[in-house]
Amino acid sequence: MSLDPPKVLLEQSFLRSIADPTDSHHERAVHLYLDLVQQYEQEQVLLVAVGDHLRPHRGWQRSGPLAPVEALPVGFQHRRWAHRTEAQGDPALALTLVMCQRHKVRRVASFDPRLQQYDLVLLPDAAPWSADQPPAGELAGELAGDLAGAPADDTGSPADNE
Amino acid sequence: MSTTSEAPTFVPVAPKWSLRSVVPADVLRPARFTLMGMYLAAYLYWLRFKGLPIDRISVAISVGLFLVCAFVGRSWRTWGVLLLDCLAYCAMWYSYEATRGAADRGVLGLDPFPLQVESVRNIDRVLFLGHDPNVVLQNHFYQPGVVRWYDVVLSTTYMTHFVLPMVIMAVLWVTSHRQWARFMKRFATLLGIACVMFVVMPTAPPWMAAKNYHLIDPIARPINWRGFYHLGFHGFTNDYKVQLSDGNPVAAMPSLHASFALIVPAFFLPWVRQRWLKATMLTFPVVMLVALVYFGEHWVIDGLAGWVITGGTFWYWNRREQLTRRLRAGRARAALGAPAPAAATADDRAIT
C-alpha cells in the first residue's frame with residue numbers, strides 16, 4: 001500500500017508541448033494538464049517530472065505553469081542505469097524509463113509514441129482529439145477512475161522508494 | 001459479381017516491454033532487505049534479553065542504524081537529504097529536552113512561572129463531579145504487590161510512548177519522504193507548543209499534588225513500570241528509571257503521552273476505510289489517558305489539553321497543505337490563462 005497519491009510523470013515531449021504555443025499538441029497538452037492540475041489540487045495525483053527535463057523550464061516552477069510539478073532529482077546512479085538501459089539509443093528516453101522504474105511511476109503524460117512499447121499508462125491515449133472533446137470534467141473523471149482502478153501499479157516495496 | 005469476401009483484419013497487439021526487463025535491476029535491493037531483516041532480528045533479540053532502549057541517545061542510535069540499513073545503495077542526494085533530516089530531527093529533540101529541562105528553573109533569566117497545582121485539580125473535580133479520578137481509579141483497581149491484567153495492558157500502553165512515534169518516523173522515513181515530512185510538521189509543532197506551555201504553565205502532576213501539597217488523597221507511585229516488568233522487560237524498566245531522574249517533574253500540562261498516543265492513529269486515519277478499525281485505533285489514546293490517570297502521572301485535563309493541541313496541529317497543517325496545493329494549482333491556471341473552477345474559487349475565499 002502506498003501512502004502517497006499515484007504519481008503522474010510529465011514527460012519531456014509533454015512539457016515541451018505545454019511550453020510551446022506553436023507545438024501541434026499544445027492545445028491538447030494544456031487541456032490535459034489542467035485536468036491533472038485539478039486532480040493534484042484534490043490530492044488525487046502527484047505531478048512529477050524528471051529533474052533534467054524540467055531544467056529548460058526552471059523559470060516555470062514555483063510561480064509558473066509548472067508550480068504543482070515536483071522534480072525527480074537525477075543522481076549518478078540513475079545516469080549509470082540509463083546508460084545501460086536499452087532505449088533505442090535515446091538517453092532522454094532511457095532516463096525517463098529509469099526514473100519511472102525507480103519511483104514507481106506507471107502513468108506518464110507524453111506525446112512520444114515510443115513510450116507505448118512499455119508497460120506504462122500513457123496520457124493522453126491515442127484516440128483522436130478535438131478541443132471540444134472530451135467535455136470538461138469528463139476526462140478528469142475518467143483519469144480519476146483509471147487511477148483509482150489500478151492502484152497496484154503504484155505500490156512499491158518500502159526499500160525502493162527514493 | 002465478385003465472390004471474394006474481405007477477411008477481417010486482426011491488428012496484432014504489440015507486446016509491451018516490462019520496465020523491469022529494460023531497466024537494469026537494482027542489485028543492492030536484496031542487500032537492503034537482508035540488512036533490514038537482520039536489524040529487525042537484532043532489535044527483537046535486544047528487546048527480549050536486554051530491554052528496550054528508550055533514552056533519546058539510544059533511540060537515536062537505533063533509528064540511525066535502521067536508516068543506514070534501509071538506505072544502502074541509495075543516491076548520494078538521498079543520503080544528503082537524509083543527513084539534513086537527521087540534523088533537523090536531532091535539533092528538534094535537543095530543543096525539546098533543553099526547554100523542558102529548563103522550564104522549572106526559569107528560561108532566559110526570567111523567574112519560573114507560578115506552579116499550577118490547585119487549578120488543575122479543581123478542573124478535574126469539576127469534570128468528575130467532585131471526585132479525584134486518580135484517587136478513585138487507584139482505590140478501585142490498584143493492589144500493592146499484585147499485577148492484574150489491566151496493569152499489564154495499561155503499563156504496556158504507557159511504555160509505547162517511548163517507542164511508537166519513533167518507529168512510525170523511521171518507517172515513514174523509508175517508505176515516503178513526503179509523508180515523513182507531513183508527520184514531522186505536526187509532531188514538531190506539537191512539541192513546540194508543549195515546550196511553551198511547560199515554561200508558561202508549569203503544572204504539578206497528581207502524585208506531586210498528593211505527596212508534596214496534600215491536595216488529594218495519597219496515591220501510589222511509581223507503578224507505571226509494574227505491568228511491563230511483569231512481562232519480562234527488565235532492562236527497559238531500569239533504563240527508564242535513569243531517564244526519569246533527568247526529567248522536569250512539573251511538565252504535566254499538556255500530556256505528551258496523550259498527544260503522542262493520538263498523533264499516530266490520527267495521522268493514519270485517512271487511509272483507513274473501515275469504521276470499526278478507525279474506532280479501534282482511536283481507543284488507543286483513550287487507554288493511554290486511563291493509564292496516565294491510573295498511574296497518577298497526569299490529570300485528566302492534561303490529557304484533554306494534549307488531544308486538543310494535537311487536533312489543532314492537524315487542523316493547521318491540513319489547511320496549510322490544502323492552501324499550498326490550491327496556490328500552486330492557481331498559479332498554473334493563471335499562467336496558462338485558464339479560469340479557476342467555481343468550487344475552488346469559493347473555497348479559496350473561505351480560506352483567505
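What follows is calculated from the coordinates using simple rules that are stated; it is not laboratory data. None of these values were measured; they are calculated from a predicted model. Neighbour counts are summed over all protein chains in view; Cβ atoms, including those assigned to glycine, are modelled from backbone coordinates with ideal geometry.
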Next item on the list: Taking the Cα centre of the stretch B:27-329 as origin, work out the dipole magnitude from +1 charges on Lys and Arg Cβ and -1 charges on Asp and Glu Cβ, in debye rounded to 20.
Entry: 1520 debye
Notebook entry, point to check: Looking at chain B, which longest stretch skips every one of the chymotrypsin sites (Phe, Trp or Tyr not before Pro) that is in a DSSP loop with at most 16 other Cβ atoms within 10 Å, leaving the sites themselves out?
Noted result: B:214-352
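Can you tell me what percent of all Cα-Cα pairs in chain B are more than 30 Å apart? Before the final figure, lay out each step's value.
Details: 31262 of 61776 pairs.
Here the long-distance tail beyond 30 Å is 51 percent of all Cα pairs in chain B.
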Note to self: Please give the Cα centre distance for the stretch A:24-88 versus the stretch B:36-59, rounded to the nearest Å.
What the structure shows: 41 Å
Notebook entry, point to check: Amide H of A:L72: which non-local residues (sequence gap of 5 or more, or other chain) have their own amide H closer than 5 Å, using H built in the peptide plane?
Noted result: A:A49, A:V50, A:G51
Note to self: Could you give the length gained by full extension between B:H214 and B:R148, i.e. 0.36 nm per residue of separation minus their alpha carbon distance, to one decimal place?
What the structure shows: 21.0 nm
Item checked: FRET E, pair B:N318, B:A88, Förster distance 22 Å, beta-carbon r, rounded to 0.05 -> 0.55
Next item on the list: Specify the inter-centroid distance of the stretch B:292-330 and the stretch B:253-282, based on alpha-carbon positions, in whole Å.
Entry: 11 Å
Next item on the list: Give the long-range amide H neighbours of B:W17: residues separated by 5 or more places, or on another chain, with amide H under 5 Å away, using H modelled in the peptide plane at 1.01 Å from N.
Entry: A:Y118, A:D119
Next item on the list: Could you give the DSSP H helices of chain B that reach 27 angstrom or more along their long axis (alpha carbon positions) and whose average Kyte-Doolittle hydropathy is no lower than 0.0?
Entry: B:29-49, B:76-103, B:177-200, B:275-294
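Antiparallel DSSP bridges in the stretch A:1-121: what percent, to the nearest 5?
Numbers: 0 of 10 bridges.
Antiparallel bridges: around 0 percent, rounded to the nearest 5.
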Notebook entry, point to check: GNM on chain B, C-alpha springs below 10 Å: top fluctuator among B:V199, B:V27, B:V126?
Noted result: B:V27
Item checked: Distant-in-sequence amide H partners of A:L46 (H built 1.01 Å from N, under 5 Å) -> A:K7, A:V8
Item checked: the stretch B:27-329: relative contact order in percent, alpha carbon pairs under 8 Å with at least 6 residues between -> 26 percent
Check: Among the lysines, which fall within straight-line cross-link reach of B:K185, defined as a Cα-Cα distance under 28 Å, with same-chain neighbours fewer than 8 residues apart omitted?
Finding: A:K7, A:K104, B:K278
